[in-house]
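The block underneath contains the structure these notes are about, expressed in structure tokens.
The values are calculated or read from the model by the stated rules, or taken from the named source; none is laboratory data. On a predicted model such as this, the values are computed, not experimentally measured, just so you know. Because the Cβ atoms are built from the backbone with ideal geometry, glycine has one as well, and the counts that use them run over all protein chains shown.
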Amino acid sequence: MSLPTDDAVWDALRTVNDPEVGMNLVDLGLVYRVEVDGADVRVELTMTSPACPLGDVIMDNAVNAIRAAAPGAGKVDIALVWDPPWTPDRMSEAARAKFGW
């Protein structure tokens, strides 16, 4: 089984979409930090709004994507953080283009 790497985790998170906007977490700028320590993974991410009704679904999808990309992963901790607050400035150029910004 393959152990997780930073690149594998980032790639896995690119497969997880925010269902409300149809764009992946990385391009939306929702992933703040990825840490891989041996087999364990910690991801800090946020939502576009604290009122996001799909936060739990998105976090579960992120865990599942990481486990699929790195079957040797041990503990996968997804921490929902609110500081710094998300702004559209965190979005990739591709995401901004999709939304016409």
Which residue pairs have Cβ atoms closer than 7 Å, lie 6 or more positions apart in sequence or on different chains, and pair a first residue in region 84-101 that is touching a residue at least 60 places away in the same chain (Cβ under 8 Å) with a second residue that is part of a helix (DSSP H, G or I) and surrounded by 14 or more Cβ atoms within 10 Å (Cβ to Cβ)? Met91/Asp27; Met91/Leu28; Ser92/Asp27; Ala94/Asp27; Ala95/Asp27; Ala95/Leu28
So how many residues does region 1-28 have that are within 12 Å of the chain's Cα centre (by Cα), part of a loop (DSSP other than H, G, I, E, B) and either among the polar types (S, T, N, Q) or buried (at least 16 other Cβ atoms within 10 Å of the Cβ) (or both)? 2
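Conditions (1) within 22 Å of Thr5 (Cβ to Cβ); (2) touching a helix residue (DSSP H, G or I) at 6+ places or on another chain (Cβ under 6 Å), marked per residue:
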{"position": "Val26", "(1), (2)": "yes, yes"}
{"position": "Val34", "(1), (2)": "yes, yes"}
{"position": "Arg42", "(1), (2)": "yes, no"}
{"position": "Ala51", "(1), (2)": "no, no"}
{"position": "Gly72", "(1), (2)": "yes, no"}
{"position": "Pro84", "(1), (2)": "no, no"}
{"position": "Arg90", "(1), (2)": "no, no"}
{"position": "Ala95", "(1), (2)": "no, yes"}
{"position": "Gly100", "(1), (2)": "no, no"}
Can you tell me how many residues within region 78-91 are under 16 Å from the mean Cα position of the chain (by Cα), farther than 20 Å from Pro53 by Cα and outside any loop (DSSP other than H, G, I, E, B)? 1
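Looking only at residues that are among the hydrophobic types (A, V, I, L, M, F, W, C) and assigned to a helix (DSSP H, G or I) in region 50-62, which one is surrounded by the fewest Cβ atoms within 10 Å (Cβ to Cβ)? First the steps, then the outcome.
Taking region 50-62 and keeping what is among the hydrophobic types (A, V, I, L, M, F, W, C), we get 51-52, 54, 57-59, 62.
Imposing the further condition that a residue be assigned to a helix (DSSP H, G or I) reduces the set to 57-59, 62.
Details: Val57: 13, Ile58: 20, Met59: 18, Ala62: 23.
So, considering only residues that are among the hydrophobic types (A, V, I, L, M, F, W, C) and assigned to a helix (DSSP H, G or I), the one surrounded by the fewest Cβ atoms within 10 Å (Cβ to Cβ) is Val57.
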Among the listed residues Ala69, Ala73, Ala95, Ala65, which satisfies the condition of being at pLDDT 90 or above, more than 19 Å from Glu20 (Cβ to Cβ), surrounded by 11 or more Cβ atoms within 10 Å (Cβ to Cβ) and within 15 Å of the chain's Cα centre (by Cα)? Ala69
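Please verify whether region 29-41 includes one or more residues that are in contact (Cβ under 8 Å) with a residue 40 or more places away in the chain, of a type in the set (A, V, I, L, M, F, W, C), assigned to a loop (DSSP other than H, G, I, E, B) and crowded, with 20+ Cβ neighbours inside 10 Å.
Looking only at region 29-41, we keep the residues that are in contact (Cβ under 8 Å) with a residue 40 or more places away in the chain, and these are 29-30, 32.
Add one more test, that the residue is of a type in the set (A, V, I, L, M, F, W, C), and what stays is 30.
Narrowing further to those that are assigned to a loop (DSSP other than H, G, I, E, B): 30.
Then keep just the ones that are crowded, with 20+ Cβ neighbours inside 10 Å; that gives 30.
Scanning region 29-41, I find at least one residue that is in contact (Cβ under 8 Å) with a residue 40 or more places away in the chain, of a type in the set (A, V, I, L, M, F, W, C), assigned to a loop (DSSP other than H, G, I, E, B) and crowded, with 20+ Cβ neighbours inside 10 Å, so the answer is yes.
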